[in-house]
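Structure first, then comments.
The values are calculated or read from the model by the stated rules, or taken from the named source; none is laboratory data. Predicted, not measured: the structure shown is a model, and the values here were computed from it. FYI the Cβ positions are ideal-geometry reconstructions off the backbone, even for glycines, and counts take in every protein chain you see. For accessibility, only protein heavy atoms count, side chains too; no ligands or nucleic acids. Shrake-Rupley method; radii C 1.70, N 1.55, O 1.52, S 1.80 Å.
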Amino acid sequence: MGEQQKKGQEQDVNQLRKVRREKLADLQANGKNPFEITKYDVTCHAMDVKENYEEMEGKQVSLAGRVMQKRVMGKASFCNILDQSGNIQSYVARDSVGEEAYKDFKKLDIGDIVGIEGEVFKTKTGEISIHASAVKLLSKSLQILPEKYHGLTNTDMRYRQRYVDLIMNPDARDTFIKRSKILSSIRRYLDGQGFLEVETPMLVSNAGGAAARPFETHFNALNEDFKLRISLELYLKRLIVGGLERVYEIGRVFRNEGLDTRHNPEFTLMELYQAYTDYNGMMDLTENLYRHVAREVLGTTTITYNGVEMDLGKPFERITMVDAVKKYAGVDWNEVKTTEDAKKLADEHHVEYEERHKKGDILSLFFEEFAEEHLIQPTFVTDHPIEISPLTKKKPEDPEYVERFEFFMNGWEMANAYSELNDPIDQRERFKAQEELLAQGDEEANTTDEDFLNALEIGMPPTGGIGFGIDRMCMLLTDSAAIRDVLLFPTMKSIGGSDSKKTDKKEESEPAVKIDLSKVKVEPLFEDAVDFDTFSKSDFRVVKVEACEAVPKSKKLLKFTLNDGTDRKRTILSGIHEYYEPEELVGKTCVAITNLPPRKMMGIDSEGMLISAVYEYDGHEGLNLLMLDDSIPAGAKLY
């Protein structure tokens with residue numbers, strides 16, 4: 001968009017806002033200030049009228065909602081009102097509402113909130129409507145809504161201004177209504193099974209129960225550092241010790257990790273614990289819970305996600321991690337005797353690992369690399385290696401493995417469950433091993449929780465426990481592409497906030513020249529000429545970064561999900577993790593070559609190449625991802 005055109009549009013919007021404020025001032029001067037109104041009697045919603053028309057025809061009703069459309073035609077007009085349930089048309093005639101009220105109606109703007117009283121009827125075209133006898137302005141909208149036919153399509157703006165997204169996009173509104181119903185359905189099911197819903201602390205001195213890096217804060221009143229919880233587990237198990245035999249909690253947890261299509265640093269987790277059962281009992285509960293929620297919320301046990309059908313009605317598959325690796329990687333882990341053997345296999349199969357990794361860690365890496373993506377239908381992957389399961393009971397017949405399962409759908413981990421470790425001596429040894437990992441640089445390792453160990457020494461019965469990712473469950477059941485689509489207010493980088501602060505600090509402390517150009521070396525220019533026809537076939541396009549995540553088994557690669565101006569999302573992998581963290585690239589506008597053939601990288605098809613500037617600076621490689629002005633649309637071609 002040209003700068004002159006952009007300025008012109010901004011001036012038009014500012015003029016419209018000015019007119020709205022003038023209308024408000026006029027209303028206030030005439031004793032009709034809508035902001036003084038404190039209540040309005042609503043007797044029904046739009047969908048009540050539409051779904052029960054036979055009963056409601058001819059009856060007086062009172063609705064309230066936002067004006068989304070208005071057609072003024074002399075002495076009679078139509079408007080369309082949006083409430084939580086949907087849209088309904090109202091017929092507003094001067095003879096029915098009165099001359100002065102009709103003048104006020106004609107001055108209404110799109111976005112104003114009104115109350116309408118009137119009689120239910122059908123127009124000549126058969127549309128169920130309200131024949132208004134009174135229209136009352138309840139709140140004046142001083143901002144301009146997006147244009148009706150295109151709605152709010154900018155993804156970043158939809159997440160930042162969810163209130164506008166809910167107004168303009170019926171699908172978004174439906175998603176969040178379904179999310180609320182999913183949570184209610186889960187609670188009803190568990191309450192019916194005798195579980196108690198409880199609440200446990202969010203601010204904790206020891207953030208345990210999961211492998212994740214916590215957020216840290218300082219509590220001034222106690223002059224003590226605290227962490228935001230990364231899990232619900234250790235406090236809920238204390239309640240099992242206390243004699244509450246079935247407990248669950250649905251709440252926010254916080255993990256100081258990157259942002260991508262399936263991860264948000266704060267998300268909703270449900271954990272439940274049941275005394276006197278094991279991980280087999282948790283499998284049965286999971287299967288029954290998922291079926292119950294799907295039936296109650298969607299009316300079916302067959303769901304479709306991204307065009308793929310998944311059947312919750314059939315018995316869920318159960319397979320051990322060892323068998324899954326044998327099935328999908330062709331490696332029989334029963335034949336792997338030592339860590340050295342495992343590392344040799346990893347080298348042969350190009351599976352990246354760290355020096356500290358043991359045999360069980362590498363089995364898990366094989367599973368992630370070769371098996372996860374195939375687990376589309378509901379599947380329980382059981383019997384994990386002990387190295388990755390510090391809170392789980394060993395299998396009595398094979399202590400290298402534990403009684404644990406992860407539940408998979410669509411290639412995603414949806415739940416994680418154990419036969420809970422209740423041996424305090426064994427638990428102390430596991431914590432000790434975690435402390436050693438922490439000392440080796442593993443920021444996600446657990447630390448010893450002495451109070452939890454004391455609780456175990458009091459005595460915890462045999463217990464089964466499970467954690468469900470509620471946001472991913474909502475994604476699947478609402479066919480939502482990204483976790484941000486099911487979070488009302490996802491975590492977003494402040495517009496100009498941290499960047500402007502950093503800029504201000506740099507301006508104060510650094511000279512105008514950011515790098516010493518005398519230390520820069522660039523690669524010599526190519527001397528061989530490339531004919532113009534060959535060069536012109538490279539398709540350089542503007543792309544928007546919708547999501548970015550570190551590739552789990554790579555220290556260098558970032559995986560980008562890009563809007564390239566088409567209806568499908570483009571995936572490109574780029575080895576720039578040394579220079580950028582994934583969360584700082586979300587929302588950026590970049591340049592990519594889009595007509596290269598797909599190239600396999602870490603088992604993922606990379607569909608093109610992002611353009612970066614590479615040079616040598618003071619003996620080290622420097623790199624800057626090429627970023628453009630955000631006003632340039634995705635898909636714009638570069639010449």
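Quick notes on this one:
- Ordering 333, 412 by accessible surface, largest first, gives 412, 333; the 1.4 Å probe counts only protein heavy atoms, with every chain in place.
- Computed over the Cα atoms of the chain, the ratio of the radius of gyration to the Kirkwood radius (Rg/Rh) comes to 1.02.
- When 359, 23, 181 are compared by accessible surface with a 1.4 Å probe, the order from highest to lowest is 181, 23, 359.
- Cα gyration tensor shape for region 263-311, rounded if a/c is under 1.5, else prolate or oblate: oblate
- Solvent accessible area, Å² - residue 556, 1.4 Å probe, full protein context: 140
- Applying the Karplus relation 6.51 cos²θ - 1.76 cosθ + 1.60 with θ = phi - 60° to region 154-166 yields 3J(HN,Hα) values of 5, 4, 4, 5, 4, 6, 6, 10, 4, 4, 6, 4, 5 Hz, where x marks Gly and Pro.
- Amide hydrogen neighbours beyond the local backbone of residue 226, cut-off 5 Å, H modeled: 217, 218, 219
- Helical contribution to [θ] at 222 nm, DSSP H n ≥ 4, -39,500 (n - 2.57), averaged over the chain, rounded to 500: -9000 deg cm²/dmol
- Taking amide H as placed 1.01 Å from N in the peptide plane, the amide H of residue 331 sits under 5 Å from that of 326, each at least 5 places away or on another chain.
- Whole-Å distance, taken between Cα centres, linking region 120-178 and region 253-290: 35
- FRET E, pair residue 491, residue 51, Förster distance 35 Å, beta-carbon r, rounded to 0.05: 0.40
- Relative contact order, percent, the chain [alpha-carbon distance under 8 Å, six or more residues apart]: 10
- Shape call, region 332-372: gyration tensor on alpha carbons, a/c limit 1.5: rounded
- Helix 497-509 and the longest principal axis of the C-alpha atoms of the chain enclose an angle of approximately 70°.
- Cα gyration tensor category, rounded, prolate or oblate, for region 172-294 with a/c compared to 1.5: oblate
- Solvent-accessible area of region 187-339 (1.4 angstrom probe, protein heavy atoms only): carbon and sulfur portion equals 45 percent.
- Accessible area per residue, Å², region 112-194 with all protein chains present, probe 1.4 Å: 51
- Per residue, region 342-497 exposes 40 Å² of accessible surface when a 1.4 Å probe is rolled over the protein heavy atoms with every protein chain present.
- Most positive-pole-ward Cα, 135, 27, 96, against dipole of region 1-136 from beta carbon charges: 27
- Residue by residue, region 36-43 carries 3J(HN,Hα) couplings of 8, 6, 9, 7, 8, 7, 9, 9 Hz when phi is fed to the Karplus relation 6.51 cos²θ - 1.76 cosθ + 1.60 (θ = phi - 60°); x denotes Gly or Pro.
- Ordered from largest to smallest accessible area (heavy atoms of protein chains, 1.4 Å probe), the residues 432, 395 come out as 432, 395.
- Exposure of residue 227 as accessible area (Å², to 10), given a probe of 1.4 Å and all protein chains: 60
- Using heavy atoms of the protein chains and a probe of 1.4 Å, the accessible area assigned to residue 202 is about 90 Å².
- Distance between region 303-318 and region 37-70 - C-alpha centres, whole angstrom: 39
- In Hz, Karplus ³J(HN,Hα) per residue of region 279-295 (6.51, -1.76, 1.60; θ = phi - 60°; x = Gly, Pro): 5, 5, x, 5, 5, 4, 4, 4, 4, 5, 5, 4, 4, 4, 5, 4, 4
- Full-stretch length increase - residue 605, residue 76 - with 0.36 nm per residue and alpha-carbon distance subtracted: 184.5 nm
- Long-range HN-HN contacts of residue 59 with modeled amide H, under 5 Å: 120
- When you filter the GluC sites (Glu not before Pro) in region 99-195 for DSSP loop state and at most 13 other Cβ atoms inside 10 Å of their Cβ, you are left with 127, 147.
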